[in-house]
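This report refers to the structure that appears directly beneath it.
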Amino acid sequence: MTAPDTGSAVSEASRVLARVFGYDSFRPGQQEIIEHVIAGGDALVLMPTGGGKSLCYQIPALVRDGVGVVVSPLIALMQDQVEALRAAGVRAGFLNSAQDPGERRVVEAQFTAGELDLLYLAPERLRLEQTRRLLDKGRISLFAIDEAHCVAQWGHDFRPDYLELSDLHERWPDVPRIALTATATPATCAEIAQRLHLEDARRFVAGFDRPNIQYRIVPKDNPKRQLLQFLRTEHPGEAGIVYRLTRAAVEETAAWLVDNGIEALPYHAGLDARARAAHQARFLREDGLVMVATIAFGMGIDKPDVRFVAHLDLPKSVEGYYQETGRAGRDGLPSTAWMAYGLADVVQQRRLIDTSEGDEAHRRRLSI
């Protein structure tokens, strides 16, 4: 595939930014990444939640010839992402296990006819040979691997199917790849590069300062009461996320908030898929809901007006804490990251580390 002329591609990227997405200028770091991928280069991008990662592959997909194939780990969010793109005039579709055969055939026909700009796939779908044969029938402009930290074996969102993505370059050597994440230590970044065969990719690390988020930690003293006071006095009627460590704590906290007049929903992996999807859809589309959740919730959530993220338990890592709190204030307006902390949290985390899967080296990394 021939890359577009650099000068004209840069101009077209700016036009797409304004015409399709309604922005007058790029956010810090975006333009350099977009130009690199349009020119056909591979990229590994570390950019904070709310920093505009999606445009770094959406705009090159619209400028380059062919269809941008986006690997996304969250089936429940694909429909929302595709609907938002369609509303902006982008020809987007998705293939996942939630569709019936008829729906999949329509999208497959659109792809082979060149009637799509972006095609979203779950990693489980992309690993199927029938999907790969389908992709061979069309022209691919790029591969975007979103939430790339999922490839790290001991990452908090490990997905084994992501490991199958390492052979994309071998099957489609002329198609640029861009892997994106908001959470990666140097060790995780190196693992992503190694597992996806992106060792030679250009790395882009954006500034991670989120000046609109105020970070506060308070000593634990009846934490649910403290949370209720925080919500009533600082964020009445506003949307936010409350993270708990266990499913039981999620259910208990959500019910307690409802009993005290706060509209709250639970979200954890123990709920059936239909309930999770319904709660997630309500949170995205309604104003003022509080989602009480384990870390199973939040990755890829595109809700700009989350005004607070609260933790009633100590997060598993600083890296995880940064990503979780980064879901607040994606619209750039003032927001709060609030955490109630006590010594018992340290004891609980130590117990979880000592009983976790993995070898001694893995447990030692968790303890740092």
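Legend: calculated FRET efficiency, Ala87 to Ser166, from the Cβ-Cβ distance at R0 = 41 Å, rounded to 0.05, equals 0.75. Charging the Cβ of each Asp and Glu at -1 and of each Lys and Arg at +1, and nothing else, the dipole of the chain about its Cα centre rounds to 420 debye. Straight-distance candidates among the lysines for linking to Lys220, with alpha-carbon spacing under 30 Å and chain neighbours fewer than 8 residues away dropped: Lys303, Lys316. Per-residue 3J(HN,Hα) values for the stretch 29-38, derived from phi via the Karplus relation 6.51 cos²θ - 1.76 cosθ + 1.60 with θ = phi - 60°, read x, 5, 4, 4, 5, 4, 4, 5, 6, 4 Hz in sequence order (x marks Gly and Pro). Accessible surface calculations at 1.4 Å, restricted to protein heavy atoms, place the chain at 45 Å² per residue. Our summary gives the stretch 38-133 a relative contact order of 32 percent, counting only alpha carbon pairs under 8 angstrom and 6 or more residues apart. For the stretch 1-142, a simple Cβ point-charge model (Lys and Arg +1, Asp and Glu -1, everything else neutral) yields a dipole of about 180 debye relative to the Cα centre.
Among Ala182, Ala84, Ala13, the residue with the largest mean-square fluctuation in a Gaussian network model of the chain, with springs joining Cα atoms closer than 10 Å, is Ala84. Counting only aspartates and glutamates at least 8 places from Lys224 when in the same chain, those with an alpha carbon closer than 16 Å to its own are Glu234, Glu251, Glu252, Asp259, Glu263, Asp313, Asp345. Between Asp174 and Ala109, the C-beta separation translates, for a Förster distance of 30 Å, into a calculated FRET efficiency of about 0.75.
Note on the chain: with neighbouring protein chains present and a 1.4 Å probe, carbon and sulfur make up 50 percent of its accessible heavy-atom surface. Whole angstrom only: what separates the Cα centroid of the stretch 276-334 from the Cα centroid of the stretch 46-76? The two parts, judged by their Cα centres, are 20 Å apart. Quote the FRET efficiency, to the nearest 0.05, computed for Thr246 versus His197 with a Förster distance R0 of 30 Å and r equal to the Cβ-Cβ distance. For Thr246 and His197, the calculated efficiency is 0.20. Judged by the mean number of other Cβ atoms found within 10 Å, the most tightly packed of the peptides 163-170, 235-242 leads the ranking 235-242, 163-170. Here the peptides 264-271, 284-291, 33-40, 219-226 are ranked by packing, the mean other Cβ count within 10 Å, and the order with the highest first is 33-40, 264-271, 284-291, 219-226.
Between the helical axis of 6-19 and the longest alpha-carbon principal axis of the chain there is an angle of about 50 degrees.
The values are calculated or read from the model by the stated rules, or taken from the named source; none is laboratory data. Just so we're clear, the structure is a prediction, and the values are computed from it rather than from any experiment. Note that each Cβ is placed from the backbone with ideal geometry, even for glycine, and that neighbours are counted across all protein chains shown. Heads up: the accessible areas ignore ligands, DNA and RNA and are worked out on the full protein's heavy atoms, side chains in. Shrake-Rupley method; radii C 1.70, N 1.55, O 1.52, S 1.80 Å.
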